[in-house]
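Here the structure comes first, spelled out in structure tokens, and everything after it is commentary.
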């Protein structure tokens, strides 16, 4: 199979990668803020703690995704 991807389009993807990673970090922050906001909006009962743990796990997963993408970008040879 012959690749139809040009070097220009690869360079464009690489240029967009920092913006994508930045968006992932912002999303992680938003998710974490939503998790902590649960305590402002309701009582601190077992159900609230469960919802908090689920929301916090989603935020942590998104932050891990962002960090891994950032580290991968940093490890790439610079042109």
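The values are calculated or read from the model by the stated rules, or taken from the named source; none is laboratory data. Note that the structure is predicted; figures quoted are calculated from it, not measured. Here Cβ is always computed from backbone atoms with ideal geometry, including for glycine, and neighbour counts include all displayed protein chains.
Values as computed for the structure displayed
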{"quantity": "Number of the condition not met by residue 33 [criteria: (1) modelled with pLDDT of 85 or more; (2) loosely packed, with under 12 Cβ neighbours inside 10 Å; (3) out of contact with any helix residue (DSSP H, G or I) (no Cβ under 9 Å at 6 or more places or on another chain)]", "calculated": "(3)"}
{"quantity": "Selection from the range 35-47 of residues that are free of Cβ contacts under 8 Å to residues at least 24 places away in the same chain and part of a helix (DSSP H, G or I)", "calculated": "36, 37, 38, 39, 40, 41, 46, 47"}
